[in-house]
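Working notes, structure below.
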């Protein structure tokens with residue numbers, strides 16, 4: 001398990017730390033921190049935020065109905 005900690009100091013300084021160690025990353029803005037965390041998560045998940053954004057929303061209900069339409073009827077099963 002990997003833990004990511006974002007700390008905002010009283011002086012407004014923002015740091016991002018990972019449980020994997022290393023030096024904390026100093027952000028200049030919230031947007032920069034978001035980009036940094038997105039990059040860390042993408043490396044962990046194997047897919048970049050740009051790839052995720054271009055895929056669009058998936059309609060699982062429609063996919064379920066398409067698969068169900070391809071199945072053979074099984075009259076012996078109870079519904």
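Read-outs: derived from the displayed coordinates by stated rules, not from any lab. Fair warning: this is a prediction, and the values are worked out from it, not measured in the lab. Note that each Cβ is placed from the backbone with ideal geometry, even for glycine, and that neighbours are counted across all protein chains shown.
Would you mind getting me the FRET efficiency between residue 28 and residue 58? Use the beta-carbon distance for r and R0 = 30 Å, nearest 0.05. Please list the in-between numbers first.
Working: r = 35 Å, r/R0 = 1.18.
Plugging the Cβ-Cβ distance into 1/(1 + (r/R0)^6) gives 0.25.
Between residue 44 and residue 13, what's the calculated FRET efficiency when r is the beta-carbon distance and R0 is 22 Å? Round to 0.05.
Working: r = 25 Å, r/R0 = 1.15.
With R0 = 22 Å, the Cβ-Cβ based efficiency is 0.30.
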